Amino acid sequence: QKEVEQDPGPLSVPEGAIVSLNCTYSNSAFQYFMWYRQYSRKGPELLMYTYSSGNKEDGRFTAQVDKSSKYISLFIRDSQPSDSATYLCAMRRTSGTYKYIFGTGTRLKVLA
Amino acid sequence: DAGVTQSPTHLIKTRGQHVTLRCSPISGHKSVSWYQQVLGQGPQFIFQYYEKEERGRGNFPDRFSARQFPNYSSELNVNALLLGDSALYLCASSRQGEDTIYFGEGSWLTVV
């Protein structure tokens, strides 16, 4: 079993829809959670960063962490064709290691 | 301000050859990490360096090595290349060893 599971998609939605992207994880020691956006053949771009549980909002993006369920989500409101990309979740423990564990990424297509 | 810069952007090598990839971190960042991303997968941690010392190593063979220079730039070296080493190699930098990491655009390595 992988430490971080993410549905690879592709996920196709119409422009303006609310998008929900999710990851589950198995290691209860994970405390830092991130979402990256990666356009084709480009490096990942940091979107959201959350420590421990709770919600965080930044513009059209909302990140949620539910540590009791070992489940994190990224919501995109009013989705645009320019949001079409692969979305990667990443997480790490508080200490003892400096490595981030990534999901496989979910491909999102927003249709105009 | 310039982001993380990597060179070369693309390269083709033959099996058995050696490759050196280079990375310059964001100004003021002292930590550099290297990740390998195979097509269709999330990035996998290879190394982290902070203040010129290795702080973490992923599950990669000894053919992979890295170093960090006094100006905080870094090199990733891979010896005796295999076809399976074909991937996008990503460099990421952060202010300190455990902060949020920011990626460069990567170096595409093809081994033939």
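The values are calculated or read from the model by the stated rules, or taken from the named source; none is laboratory data. In this text, all values refer to a predicted model and were calculated from it rather than measured experimentally. As a convention, Cβ positions derive from the backbone with ideal geometry for all residues, glycine included, and neighbour counts pool all protein chains shown. To get the accessible areas, we keep the full protein, side chains included, count just its heavy atoms, and leave off ligands, DNA and RNA. Shrake-Rupley method; radii C 1.70, N 1.55, O 1.52, S 1.80 Å.
Some values worked out for this structure:
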quantity	calculated
Rounded to 5, the percent of DSSP beta bridges in chain B classed as antiparallel	90
When chain A is reduced to its Cα atoms, the Kirkwood hydrodynamic radius in Å	14.1
Column: log10 I(q)/I(0), Debye, Cα scatterers of segment A:46-91, q = 0.17 Å⁻¹	-0.50
Theoretical gain in end-to-end length, A:Ser40 to A:Lys109 [0.36 nm per residue, Cα-Cα removed]	23.6 nm
Accessible surface of the protein assembly as shown, 1.4 Å probe, proportion on carbon and sulfur as whole %	47
Sequence-separation-based contact order of chain A, relative, with Cα cut under 8 Å and 6+ spacing, percent	37
In nm, spacing of pseudo-spin labels at B:Val38 and B:Trp108 (7 Å Cα→C-beta vector)	1.9
Choice from B:Leu21, B:Leu11, B:Leu39 with maximal GNM fluctuation in chain B (Cα, 10 Å cutoff)	B:Leu39
Proximal charge balance of A:Ile101 [Cβ under 13 Å; K/R count +1, D/E count -1]	+3
Most fluctuating residue given options B:Gly40, B:Gly58, B:Gly16, as computed from a GNM of chain B linking Cα atoms under 10 Å	B:Gly40
Calculated from backbone phi, Karplus (6.51, -1.76, 1.60) coupling profile of segment A:55-61 in Hz, x at Gly/Pro	10, 9, 10, 8, x, 7, 10
Largest-first ellipsoid semi-axes for segment B:1-77, taking √(5λ) over the Cα gyration tensor eigenvalues, angstrom	20, 15, 13
D_trans [Stokes-Einstein, Kirkwood Rh over alpha-carbon pairs] for segment B:30-112, 25 °C, 0.890 mPa s, µm² s⁻¹	189
Interface residues, segment B:74-112 - accessible area loss of 30 Å² or more versus chain alone, probe 1.4 Å	B:Glu98, B:Thr100, B:Ile101, B:Phe103, B:Glu105, B:Trp108
Gaussian network model of chain B, springs between alpha carbon atoms under 10 Å - residue of B:Arg55, B:Arg22, B:Arg63 with greatest fluctuation	B:Arg63
Relative frequency of Cα-Cα separations exceeding 25 Å in the protein assembly as shown, percent	40
Square roots of 5 times each gyration tensor eigenvalue, C-alpha, segment A:2-45, largest first, Å	23, 15, 11
Qualifying aspartates and glutamates (Cα of each under 20 Å from Cα of B:Lys52; at least 8 residues distant if same chain)	B:Asp62, B:Glu75, B:Glu98, B:Asp99
Long-range amide H partners of B:Ser86 with built H, under 5 Å	B:Val111
Accessible area in square angstrom per residue, the protein assembly as shown, 1.4 angstrom probe	48
Sequence-distant lysines (8 or more away, or on other chains) whose Cα lies within less than 28 Å of A:Lys56	A:Lys2, A:Lys42, A:Lys67, A:Lys70, A:Lys99, A:Lys109, B:Lys30
